[in-house]
Amino acid sequence: MRHLLKLCLFKVIYNYLAIFRMNVKEKQRICIKFCVKNGISATKTLEMLTNAFVDNTISRTTVLEWHRRFKAGRNSTEDGARVGHPKNWFLETT
């Protein structure tokens, strides 16, 4: 019963995030953070993401990495800047 409640809350959050204009990856990171805070395993988190995002689900490796980061205490869902890639580098090439 408790797991069913968490699954329902996950779906509510997923639908709520659809309102905001953020990329699919960030939406999934927010869902991963929710799962970690509720004690849901990385494997179950991946299964839930796959059910919610279907073909746009981030890779298993990425889910496991973000799950580990949130479990270790990370709070931000934003992706960090990468060395050698200025933000919006694709816009600068046009």
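Taken together, the values in this text are just the output of simple stated rules run on the coordinates, not laboratory data. Being a predicted model, the structure only gives us computed values, none of them experimental.
If you sort the three axes of the alpha carbon gyration tensor as a ≥ b ≥ c, you get a/c under 1.5 for region 1-78, which makes it rounded.
Straight Cα distances below 14 angstrom link Lys25 to the aspartates and glutamates Asp55, Glu65, Glu78, Asp79, with same-chain residues fewer than 8 positions distant left out.
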